[in-house]
Structure formats: C-alpha cells, structure tokens
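Engineer: Structure provided below as structure tokens; questions to follow.
The values are calculated or read from the model by the stated rules, or taken from the named source; none is laboratory data. Only a predicted model underlies this, so the values are computations on that prediction, with no experimental measurement involved. Every residue, glycine as well, gets a Cβ built from its backbone with ideal geometry; the counts of neighbours run over all protein chains shown.
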Amino acid sequence: MPLEIPRRFYGTVLASEYCGPPHPVPLPKERENHLAAPTTSHHPVKEYDLAKSVRGRALRGRVRHRQFLMLFTYWGLGWLCLGASGGIIGTNVPAEAVTAERISQLPKREQGAWREYLKRSLAQRRADQDFFRREMKTHGVTQSTLPREQRGVRGIPLDRPREWHGSDEARRLADNLVSFQTPAGGWSKNIDMTSQPRAPGERFANGNLSRYPGGLDFDTPHDADWKYVGTFDNDATTTQLQFLARVITASGGASDSHRKAFLKGLDYIFAAQYPNGGWPQVWPFQGGYHDAITYNDGAITHILALLKAVASNEQDYGFVPRRTRMRARRSMERGIECVLATQIRVDGRRTVWCQQHDTLTLAPTSARNYEMPCQASAESAEIALFLMDLPKPAVEIISAVDSAVKWFEKTKIENVDYRRGDPNGRDLVAAQGQGPLWARYYEIGTDRPIFGDRDQTIHDRLEEISAERRRGYGWYRDTPREAIVRYRVWKTAEGRVK
C-alpha cells in the first residue's frame with residue numbers, strides 16, 4: 001500500500017481570495033513575496049519580488065495580472081477539491097518564451113542588453129541553418145539524414161585512466177565529437193556521436209520529439225526539423241568539452257583541431273549566458289520553456305563546474321589561454337549571482353530552487369506538462385553541492401546553503417522506500433530504517449509533495465496520476481542526502497560559520 005502523506009491546506013490563503021475578476025483582487029502576500037535572495041556586490045542581479053514589482057515599474061501591471069492568472073489557474077482547481085479525497089489540486093500552465101514584446105516591458109535601462117541578446121540568438125540560428133543548407137549543396141546531398149539515437153552521453157567516457165585519453169581510440173572519438181559540434185559551438189543531445197563522424201547532410205540533432213504530441217503538449221516545437229541544435233540538457237555540451245580537454249591534455253596539446261573545438265565550445269557558453277547571469281536549456285533560442293533559466297538535469301550547475309575548472313587552471317585545462325580563463329571566472333561569478341537571485345523565498349525565508357525559472361522575472365516556471373512551478377529537491381541539492389565546493393565562500397553563499405540544507409532537513413521523509421508496488425508503477429511504501437527520501441517536487445508555501453501528469457493536472461498523491469507517468473518518471477529522489485552529509489563537514493570549516 002502507498003504511504004499516506006498528510007493533506008494540508010494551502011497555507012493560510014482563503015479560497016475567497018482567488019474568486020472574482022483578477023485585476024481588482026490583490027495577490028496574497030505569501031504568494032507575492034515568495035522569491036528573493038541577496039546578491040554579491042560586484043555584479044548586482046535584481047531579485048524576483050512581486051511585492052516590489054517584477055523587474056521594474058514598466059512591467060508591474062502587466063506581469064502582476066499575468067502572474068495572478070497563472071496562480072489562479074494553478075491553485076484554483078485545488079480549492080474546488082478541498083475536503084474531497086484525492087483529485088486534481090491544480091493545472092500547470094506553459095512557460096513564457098523570451099520575446100521582443102516581453103523585453104519591451106522591461107525598464108528602458110535593461111532593454112538594450114536583452115534586445116542585443118535576442119538579436120544575436122536569432123542571427124546565430126540563421127547562421128546555423130545557412131551552414132547546413134550550404135553543406136548539403138556543396139556535397140550534392142538532396143535529402144538530409146538523421147543521426148542514430150543514443151540516450152544521454154553514453155559512449156563518451158570521463159572515467160578512464162588519464163593515459164587512455166592520449167590513445168588513438170580516444171583521439172578518434174574526439175574527432176567524431178568535433179564533427180558533431182554545431183556552427184554555434186555547442187552539441188545536441190541523445191545521439192550517437194562516438195561510432196562514426198557526422199556525414200555531410202546529417203542533421204546535428206535527431207528530432208527529440210515528444211512521444212505524446214498534441215495541441216496541449218508544452219514540448220511541441222516551432223520547427224520539428226530544428227530542435228535542440230545546441231543544448232545543455234542531458235549533460236550535452238559540457239560532457240563533450242570535458243572529454244576534449246582530457247584528450248588535449250593527455251596528447252600534450254598537439255591536436256589543434258581539438259583545441260579549437262574546445263575554445264569554440266567555451267565561446268558558445270559565453271554567448272549563451274543571459275545578461276542576468278543565467279543560461280537557457282537550448283541556444284540559440286528554441287522558444288517555450290527551453291528559454292527558461294534551467295537547473296533541470298544539472299544544466300547550469302554543470303556549466304558552472306566546468307567554468308570553475310577552467311578559471312582555476314585545473315590539470316585538464318592548463319592549455320586554456322589566460323584571457324579565456326579570466327573570462328570564464330567572470331562568467332562563473334555572474335552565474336553564481338543568478339543562482340543566489342533565484343533562490344525561492346517563502347514568508348521572507350529562503351528555501352531552495354525550481355527546476356527552471358523565468359528568464360526575465362526569475363519566478364519559478366514550468367517545463368513539460370508534468371513539470372510545474374515548485375521547489376525541486378534534486379536540482380536544489382546539486383546547486384547546494386556546487387556552492388559548497390567554492391573556495392572562500394561569501395556570506396551570501398553560506399546563507400544560501402544554510403537555508404537549503406535546513407529545507408532538506410525539514411522536508412525529508414524517513415522510514416520509506418520507493419519501489420514497484422503494482423504494474424502501474426512505483427509507490428512510496430513504509431520501510432523501517434530506510435530513507436530518507438525526498439519528493440521530486442514540493443508545493444511552494446506548504447512543502448507538501450506534488451505530482452504532475454501529461455494532461456497538465458497537478459495532484460498531491462502519486463497514485464492519482466497516470467500509470468504511464470508513474471512508470472516513466474522518478475518521483476522520489478535521495479540526492480539531498482549527499483548535500484546534508486557534505487554540509488556537516490563544510491559547515492565546520494574555517495570561515496563557514498555565520
């Protein structure tokens with residue numbers, strides 16, 4: 001039998017506060033001021049705070065109205081279900097892309113940098129597509145082909161002995177990776193880049209289309225033939241760069257093509273970074289939730305870890321020019337500021353992070369249909385682990401980690417196991433001495449576990465979602481356990497006690 005999770009109301013908010021037309025009704029204070037965080041002094045990044053307007057006066061009325069509508073949709077159905085046993089507690093809504101219209105609502109002093117970023121993204125997308133068309137014409141290819149699918153970055157080994165990376169086999173693999181590098185400098189995901197080099201007319205990505213397409217699918221692409229052409233999702237781009245660095249170092253820096261590809265990949269990371277320090281999931285822009293500041297699957301934490309290694313001149317990166325290392329350090333610092341600025345606050349207290357945050361408002365936002373705005377345990381643990389790996393952390397970083405670990409302790413579920421209970425998927429079951437585990441998603445404000453489905457519905461019981469989603473998604477994780485263990489050592493180190 002599934003473990004019973006106690007039901008709770010949505011904090012102290014009354015259903016009547018969400019009734020009637022949206023514009024004359026003020027947002028409840030705990031919903032307005034749920035996200036903010038201190039920033040470092042060198043490169044200030046504005047925090048998300050609806051109580052003080054969203055990114056400035058010009059955006060206030062429009063976004064407050066939009067945020068209310070989103071919250072009304074998200075929470076409203078839940079109030080209809082209060083008192084009932086189970087059922088839908090909310091409906092997910094799609095994330096907003098970065099557009100010229102949205103940028104025009106920002107304060108004028110901020111619009112220039114964002115317009116330039118959007119212009120560069122659109123130009124790079126055209127350049128990538130023009131390159132592919134020219135390649136087909138040059139080689140007389142009349143029909144493009146798709147690369148073979150392969151889950152994640154399997155086949156790109158980072159755990160081999162150092163001497164292996166200087167072997168002919170490793171250099172051959174590196175040549176193949178370079179052939180799949182996009183004109184912009186990144187890599188796609190979920191394709192076989194190791195068996196053979198990319199052929200002329202072979203696409204850089206293999207569609208990555210949803211298995212459940214439809215008009216209500218948040219993952220429906222604007223262009224089904226050009227998707228994930230350059231991404232940080234599923235360990236893409238950062239893994240290829242780490243492998244190339246190992247090969248370059250093990251080969252004594254003799255391979256000029258590998259070195260050029262690595263530096264081009266770093267330039268891709270620099271170009272993709274937002275004016276506020278974050279990164280999208282896909283660059284050039286793909287639209288939808290792919291434009292959001294993305295922590296999902298460790299996208300940004302992997303970028304920051306790579307930049308830290310480059311900036312610190314670690315063993316595999318000694319070939320990187322000093323000027324590039326300095327640029328990597330500045331990029332990393334801006335990225336950390338964005339991390340601090342997106343940490344969610346509830347009633348003035350910092351908690352953790354969502355899987356993705358809106359690019360312009362920094363608010364938690366959705367991704368796929370079943371990935372709603374929330375507090376995400378695994379991604380937050382990865383962020384905390386990265387912050388604890390920084391030397392001489394500033395007081396803002398120490399405070400961010402303290403708050404995150406406190407939240408992990410508060411939300412852990414002990415004496416449980418997550419295992420298959422019936423053919424419909426895994427359940428959380430009582431198991432003395434097992435755990436702790438954490439739900440993948442927690443509702444902001446109440447910290448109760450929540451679960452999403454492909455039809456955009458949000459539930460507070462795992463057994464209420466479809467069998468397909470129960471089987472096909474990991475709804476409980478143990479990642480925060482490592483963060484808690486690391487924290488006990490980290491906190492006692494010199495200079496880490498407030």
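Engineer: Could you tell me how many of the residues in the stretch 400-432 are in contact with a helix residue (DSSP H, G or I) (Cβ under 9 Å, 6 or more places away or on another chain), in a helix (DSSP H, G or I) and either small (Gly, Ala, Ser) or under 17 Å from Arg470 (Cβ atoms) (or both)?
Structural biologist: Residues that pass the stated criteria total 2.
Engineer: Would you pick out the residues in the stretch 119-144 that are surrounded by fewer than 12 Cβ atoms within 10 Å (Cβ to Cβ) and under 20 Å from Thr231 (Cα atoms)?
Structural biologist: Residues satisfying the conditions are Lys119, Ala123, Arg126, Asp130.
Engineer: While we're looking at this one, here's another question. Given the criterion over 19 Å from Thr294 (Cβ atoms) and in contact with a Lys or Arg (Cβ under 7 Å, 6 or more places away or on another chain), identify the matching residue among Ile450, Ile458, Ile398.
Structural biologist: The unique qualifying residue is Ile398.
Engineer: Taking only pairs six or more apart or across chains, which ones have beta-carbon atoms under 6 Å, a first residue in the stretch 135-147 that is assigned by TED's automatic domain parsing to the domain that holds Asn176, and a second residue that is of a type in the set (Asp, Glu) and surrounded by 12 or more Cβ atoms within 10 Å (Cβ to Cβ)?
Structural biologist: Thr145/Glu202; Pro147/Glu202
Engineer: How many of the residues making up the stretch 417-432 are touching a strand residue (DSSP E or B) at 6+ places or on another chain (Cβ under 7 Å) and surrounded by fewer than 19 Cβ atoms within 10 Å (Cβ to Cβ)?
Structural biologist: 7
Engineer: If I ask for residues that are surrounded by fewer than 20 Cβ atoms within 10 Å (Cβ to Cβ), part of a helix (DSSP H, G or I), in contact with a helix residue (DSSP H, G or I) (Cβ under 8 Å, 6 or more places away or on another chain) and not aliphatic (A, V, I, L, M), which ones from the stretch 240-278 would you list?
Structural biologist: Once the filter is applied, which keeps residues that are surrounded by fewer than 20 Cβ atoms within 10 Å (Cβ to Cβ), part of a helix (DSSP H, G or I), in contact with a helix residue (DSSP H, G or I) (Cβ under 8 Å, 6 or more places away or on another chain) and not aliphatic (A, V, I, L, M), the stretch 240-278 yields Thr249, Ser257, Arg259, Phe270.
Engineer: Name the pairs: first residue in the stretch 164-187 and within 14 Å of Phe262 (Cα to Cα) and in the same structural domain as Ala205 (by TED's automatic domain parsing), second residue part of a helix (DSSP H, G or I) and of a type in the set (Ser, Thr, Tyr), Cβ to Cβ under 7 Å, at least 6 apart or on different chains?
Structural biologist: Val178/Ser257; Ala184/Tyr268; Gly185/Tyr268; Gly186/Tyr268
Engineer: May I ask you to list the residues in the stretch 285-316 that are buried (at least 20 other Cβ atoms within 10 Å of the Cβ), of a type in the set (Ser, Thr, Tyr) and under 21 Å from Leu387 (Cα atoms)?
Structural biologist: Across the stretch 285-316, the qualifying residues are Thr294, Tyr295, Thr301.
Engineer: Test Gly435 against the criterion of being surrounded by fewer than 24 Cβ atoms within 10 Å (Cβ to Cβ) and assigned to a loop (DSSP other than H, G, I, E, B), and give yes or no.
Structural biologist: yes
Engineer: Looking at the stretch 161-183 only, could you name the residues that are farther than 16 Å from Ala205 by Cβ and of a type in the set (Phe, Trp, Tyr)?
Structural biologist: Of everything in the stretch 161-183, just one residue is farther than 16 Å from Ala205 by Cβ and of a type in the set (Phe, Trp, Tyr), namely Trp164.
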